[in-house]
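Below is one structure, written out as structure tokens; the observations come after it.
The values are calculated or read from the model by the stated rules, or taken from the named source; none is laboratory data. Computed from a predicted structure; not experimentally measured. Glycine also receives a Cβ, built like all others from the backbone with ideal geometry; neighbour counts cover every protein chain displayed.
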Amino acid sequence: MHNELLQQLTPSQKKAVFHVEGPLLVIAGPGSGKTRVITHRIAALIDSGVRANNICAITFTNKAANEMRQRAIALGASAEGPRFGGTQPHISTFHSLCVRILRRYAEQAGINPNFSIYDESDQAGCIKQAVKDCELDTTNFPPVRMLEAISTLKNNLIDVDRLKAQADDFFSKTLAKVYARYQQILAECSALDFDDLLSKTAFLLQGNDEVRSELSNRFKFLLIDEYQDTNRAQYVIAKALVSAHNNICVTGDPDQSIYRWRGADIRNIIEFENDWPNATIVKLEENFRSIANILEVADNLIAANQKRKPKILIPTRPHGEDVRLRCFEDETEEAQGVAEQVKNLVDNGALLREIAVFYRINAMSRTLEEAFILNKIPYQIVRGVEFYSRKEIRDVLAYLKILVNASDETALLRIINAPARGVGKTTIEKVRAYGQSHNISLYEALKKAEHIDSLSKAPKAKIAVFVNMLEQFKKELAGEVAPIIERVFAESGLEKALQAAGADGENALENVNELISAASLYDQQAEQPSLLDYLQQTALFSDVDAYDTAADRVALMTLHTAKGLEFENVFIIGLEDGLLPHERSTNNDEELEEERRLFFVGITRAKQGLYISYARYRKIRGQTLRTIPSQFLYELGADAIDSVKEEQYFYDEADAQTIPDFAPGQLVRHKFFGLGTIKEFVDMGENSIVTVEFKTGQTKTLMLKYACLSKI
DNA sequence: GCGAGTTATGTTTTT
DNA sequence: CATAACTCGC
């Protein structure tokens, strides 16, 4: 590596970069140059004679992987030592890596290498079927809840047999049945869901010595970023991949763990030293990103978390402007306020692409969008999955899936009558019944439709045309993907149907064209383009991946999506009780602390300007409700915040009233919720809090000074 | 078989 | 408020 590249590194960064053999834990606070350390480390390994393709780096998103690959190659290209020389390090997400492993060792894993990957909406169909097949009542066993439970089981590597063995109550036993049926349905479709990708790989590596040893010798150096957000399955995969050498390097920050709900286990990073007793530990505590004011606020906030090792952020940048907190009347004014401040910043030379707005839930983007349109500010909502969940896109992809994987019934059912070709519910049921009684897949049954007695002439003919078309497509599946998509789109009749649909169809047509251009980009970039690979890749495409950092537009995204990114100016909106922390995440301290970390992640994205806001009233599900400021606001430290000093955002005179004593059992009336009974009263003077159980059945915790409760 | 219109229902975060 | 599920008439 060139000297100038090395001079950019601090002593601790260098320590992490040049630690070669053995386990390494890099605890890296926000803005500490963690990504740079990893890319330099990849280059340093290659410099020291390690073959590039013996290195495997795992990132949290595909976008991060792409960026890291480019940077690592750039460093390698400028290196004095051995070059990348045609081979490249494997850099991808856990999920992409698993797809590759499962495809390669499909036989050992007991799966079809042409497996389809099922997303949330595909899963929804399967779980509904499973619940139905188990003859369960969907009110007592909501499919979505069952799916959540199954997902948790898979993330913890509990398979059907193990659950059956340990289930001792009615719910677990029922869940085991649904789980079993759900897995059976997926297997019949040769499909894996997101969790399967991880768990099947983990089980394969755990159970097959040969595969484990082969892969561990292939990847002699493993690097894992964002290790604080790995779950049990990912942990097992990591352990297996380094079983032959222990050359594992993980980087992460316990304070930025925000995926507990997805099975992420913070213990993975906290107990790294126990897992690998001879581990070298490097701490990167200096922050090169944010001005000192922002770091003070972040420090104050995160200090409120009880379950953490104390750690402070060491600023390297001087103080600048204070963090600003603003209160608005309602969500519309808040959005307008953000838009005006954005214009202000731009007038003072800020770049739109260096501005971001974060919120807790996607639904909040709507009001912002309206304000940005009104104020003619270019913006992009960072939520690219939406593209792949559009109807027309899903239709096209379903055609492709069935061509690659004939057992994918979910895909088949989607397109069998799209565009309408007169094959309706009744016909499908008849074919299905035939298939079931002859023990063949739906597609096989369709092929044999002429032998199904219950079908009349017309449907038989229509089915024959459909099956013939698919069989024709199947003959030319090799090579580049874009031409295949074009052909399928045109000949399936989808294109015609959209053309006939007028204005709505026009937009859909554009989307499909965009899909085709994306596919030809894939064709150019892939070493060996194949339809199967393309489908399995696009299934893993996520929202940040579509984020165009070069476009000069304000970025709008959720706090979760903001992870790993940085901006000159950051707005965080909706700092209200129930939103941040979210009401569904306040059941226990762990959840509350994770919400705090989420806010912490948001704050530490900002380099220069940080603007926090909340609204006094907010419309939720069509109802305007009085809000309570988020408890997190009190934790930021009033000294470090502008406008707390100037204006009384925390305490509004207009709403002030003499605060009477409320004892538990007191009957009260609230202007929105009506009659209720006091359950709990916490006397904190003007900040007193009451918990009220309302006649509507809801229980709410309110700040007395805003709640306007009257005694009855 | 199909689509329009109606009614119920349920709301976090994502690879 | 937004969407899914459902009904009904053609």
Open item on the list: Show the residue pairs meeting these rules: Cβ distance below 7 Å; 6+ apart or different chains; first residue within segment A:143-158 and on the phi > 0 side of the Ramachandran plot; second residue among the β-branched types (V, I, T).
Closed with: A:L157/A:V236
TODO: Scan (1) away from DNA strand B (no atom under 16 Å from the Cβ); (2) in contact with a helix residue (DSSP H, G or I) (Cβ under 9 Å, 6 or more places away or on another chain); (3) farther than 30 Å from A:I27 by Cα for the single condition A:G320 breaks and write down its number.
DONE: (3)
Task: Candidate set from segment A:522-569 (those that are among the β-branched types (V, I, T) and under 16 Å from the mean Cα position of the chain (by Cα)); member that is nearest to A:S389 (Cα to Cα) - done: A:T538
TODO: Quickly run through segment A:109-142 and pick out the residues that are in a loop (DSSP other than H, G, I, E, B), in contact (Cβ under 8 Å) with a residue 12 or more places away in the chain and of a type in the set (D, E).
DONE: A:D119
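Quickly run through segment A:413-451 and pick out the residues that are within 16 Å of DNA strand C (Cβ to nearest atom), part of a helix (DSSP H, G or I), of a type outside the set (S, T, Y) and touching a residue at least 12 places away in the same chain (Cβ under 8 Å). Even if it seems obvious, please write down each step before you answer.
So in segment A:413-451, the residues within 16 Å of DNA strand C (Cβ to nearest atom) come out as A:413-414, A:417-418, A:420, A:422, A:424-429.
Retained after the next criterion (residues that are part of a helix (DSSP H, G or I)): A:413-414, A:425-429.
Pick out the ones that are also of a type outside the set (S, T, Y) and you get A:413-414, A:425, A:428-429.
Residues satisfying the conditions are A:L413, A:R414, A:I428.
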Open item on the list: What's the number of the only condition in (1) farther than 18 Å from A:I402 by Cβ; (2) of a type in the set (G, A, S); (3) not in a helix (DSSP H, G or I) that A:A478 fails to meet?
Closed with: (1)
- [ ] Could you please let me know if A:L610 is over 30 Å from A:A518 (Cα atoms), surrounded by 23 or more Cβ atoms within 10 Å (Cβ to Cβ) and in contact with a strand residue (DSSP E or B) (Cβ under 6 Å, 6 or more places away or on another chain)?
- [x] yes
- [ ] Only one of these is more than 30 Å from A:E333 (Cα to Cα) and either of a type in the set (S, T, Y) or at pLDDT 85 or above (or both): A:I377, A:I381, A:I402. Name it.
- [x] A:I402
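Any idea how many residues of segment A:344-363 are under 30 Å from A:Q123 (Cβ atoms) and buried (at least 21 other Cβ atoms within 10 Å of the Cβ)? Outline the logic, then answer.
Here is the first cut: in segment A:344-363, the residues under 30 Å from A:Q123 (Cβ atoms) are A:358-363.
Add one more test, that the residue is buried (at least 21 other Cβ atoms within 10 Å of the Cβ), and what stays is A:358-360.
Residues that pass the stated criteria total 3.
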- [ ] For segment A:266-281, name all the residues that are more than 19 Å from A:K15 (Cα to Cα), surrounded by fewer than 21 Cβ atoms within 10 Å (Cβ to Cβ) and not β-branched (V, I, T).
- [x] A:R267, A:E271, A:N274, A:D275
- [ ] Filter segment A:403-456 down to residues that are over 33 Å from the mean Cα position of the chain (by Cα) and of a type in the set (V, I, T) and give me whichever is nearest to A:A191 (Cα to Cα).
- [x] A:I440
Task: Residue that is farthest from DNA strand C (Cβ to nearest atom), among those in segment A:252-265 that are crowded, with 22+ Cβ neighbours inside 10 Å and in a loop (DSSP other than H, G, I, E, B) - done: A:D253
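Being surrounded by fewer than 19 Cβ atoms within 10 Å (Cβ to Cβ) and either within 16 Å of DNA strand C (Cβ to nearest atom) or over 29 Å from A:I91 (Cα atoms) (or both) is true for just one of A:E148, A:E214, A:E210. Which residue is that?
Details: A:E214 fails: either within 16 Å of DNA strand C (Cβ to nearest atom) or over 29 Å from A:I91 (Cα atoms) (or both); A:E210 fails: either within 16 Å of DNA strand C (Cβ to nearest atom) or over 29 Å from A:I91 (Cα atoms) (or both).
Just one listed residue meets the conditions, A:E148.
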Task: Enumeration of residues in segment A:130-155 that are out of contact with any Phe, Trp or Tyr (no Cβ under 6 Å at 6 or more places or on another chain), within 14 Å of DNA strand B (Cβ to nearest atom) and under 19 Å from A:F194 (Cβ atoms) - done: A:P143, A:V144, A:R145, A:M146, A:L147, A:E148, A:A149, A:S151, A:T152, A:K154, A:N155
Open item on the list: Here are the criteria: (1) under 30 Å from A:A191 (Cβ atoms); (2) within 16 Å of DNA strand B (Cβ to nearest atom); (3) hydrophobic (A, V, I, L, M, F, W, C); (4) touching a helix residue (DSSP H, G or I) at 6+ places or on another chain (Cβ under 7 Å). Tell me which single one A:I573 does not satisfy.
Closed with: (1)
